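Below is one structure, written out as structure tokens; the observations come after it.
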């Protein structure tokens, strides 16, 4: 017999089952600094190793969600990878300021708490945390039928990292002549999906169809998880080889790279240096978008841009070549003669 809370739409037993089903997955992300994770009122993370490793440590944090990409995952009942996007949006942001990742917290609100579905969603978060060297030490799972419809859910995340204060990277370290290295995106990542969904609706596109030169279905292309850049980029940060980084999210290359370039200089970018992935051409074509439209909204195949000093350029590219990392030499930093921080050639 259902109790009053269950009659109101909240099943406490299902909540307990869900927590039990994800416990071992979550614990697999822990590092030796985790004192206590899920289960308490708050999670505990030791700073003793940080105090031994860093002379003047600075905590760097970021919080984000996955935007309306989530609606495509819900509509198509594909829930096992969207958690990677959640972690990536936060982890790539703290990486862009030179942070060594420490821990991650998540929030999951659902309309109807189904333990198997929760396990799918959390599995993606766990995968993202492992790839980013983040310990998933806690979070919140809330069943709220008055706010979310039965199959709806929402995600948000919070990442914390640490960096040495006198080695923080950013625009103040950029010089004329620095090189711009673009790291390829895995696709649309997690920005611009309100426009994506409008294009799909207006053009009546079929999620299960391969359009033009796509090598997979439209839905698989659109739900390709955001790329995590920790393994590629953090070894360079440890060697102090990076001057500044731009994580290319909402606003495209121009808006995000502008944050990483000082006002007296310009990032001059050569479009011919990389091939734009086909998914962006499909969206441009069926959405009847201009080049300015796609530049403003999408990453155009570049998920992160590294600004590298001339003295460090050869070592960086040698490391990329040695580790078989894909990268593009997309431009240089030049004297600002027209007031623009970013200019496409």
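Any read-out appearing in this document is the output of simple, stated calculations on the displayed coordinates, not a laboratory observation. Remember, predicted model here, so these are calculated numbers, not experimental data. Here Cβ is always computed from backbone atoms with ideal geometry, including for glycine, and neighbour counts include all displayed protein chains.
When the chain is treated as a GNM, springs tying every alpha-carbon pair under 10 Å, which of 30, 313, 179 comes out with the largest mean-square fluctuation?
Looking only at 30, 313, 179, the largest GNM fluctuation is found for 313.
Where does region 245-322 land on Rg/Rh, using Cα atoms and the Kirkwood Rh?
Numbers: Rg = 14.4 Å, Rh = 14.1 Å.
Across region 245-322, the Cα-based Rg/Rh ratio is 1.02.
So how tilted is helix 310-322 from the main axis of the chain? Cα-based, degrees 0 to 90, rounded to 10.
Once rounded, the angle reads 50 degrees.
At what distance in nm do the modelled label points of residue 276 and residue 214 sit from each other, each positioned 7 Å from its Cα along Cα→Cβ?
Roughly 1.7 nm, to one decimal.
What Kirkwood radius, in Å to one decimal, follows from the Cα pairs of region 87-241?
18.2 Å
Principal axes first, then extents: for the Cα atoms of region 144-195, list largest minus smallest coordinate on each axis, whole Å, largest first.
That gives 54, 29, 16 Å along the principal axes, largest extent first.
In Å and on Cα atoms, what radius of gyration and Dmax does region 28-82 show?
According to the Cα coordinates of region 28-82, Rg and Dmax are 17.2, 49 Å.
Mind checking the full-extension length gain between residue 49 and residue 33? Use 0.36 nm per residue of separation minus the Cα-Cα distance, one decimal, nm.
Contour length minus the Cα-Cα distance gives 5.0 nm.
In whole Å and largest first, what semi-axes does the C-alpha gyration tensor of region 171-344 yield when each eigenvalue is scaled by 5 and square-rooted?
In descending order, the three semi-axes are 30, 19, 12 Å.
For the chain, what is the calculated [θ] at 222 nm in deg cm²/dmol (nearest 500), taking -39500 (n - 2.57) for each run of four or more DSSP H residues and dividing by its residue count?
So the helix-based figure for the chain works out to -10500 deg cm²/dmol.
Multiply the residue separation of residue 23 and residue 58 by 0.36 nm, subtract the distance between their alpha-carbon atoms, and state the gained length in nm to one decimal. Write down the numbers at each step before the final one.
Details: separation 35, 0.36 × 35 = 12.60 nm, distance 3.03 nm.
Difference between extended and current length: 9.6 nm.
How high is the relative contact order of the chain, given as a whole-number percent (alpha carbon pairs under 8 Å, six or more residues apart)?
Averaging sequence separation for qualifying contacts and normalising by length gives 21 percent for the chain.
Can you give the percent of C-alpha pairs in region 4-167 whose distance is more than 29 Å?
Looking at region 4-167, the distances longer than 29 Å represent 21 percent of pairs.
Just to be sure I understand: with springs between alpha-carbon atoms less than 10 Å apart, which residue in 282, 196, 188 has the highest mean-square fluctuation in the Gaussian network model of the chain?
282
How do 193, 153 rank when sorted from fewest to most other Cβ atoms within 10 Å of their own Cβ?
Result, fewest neighbours first: 193, 153.
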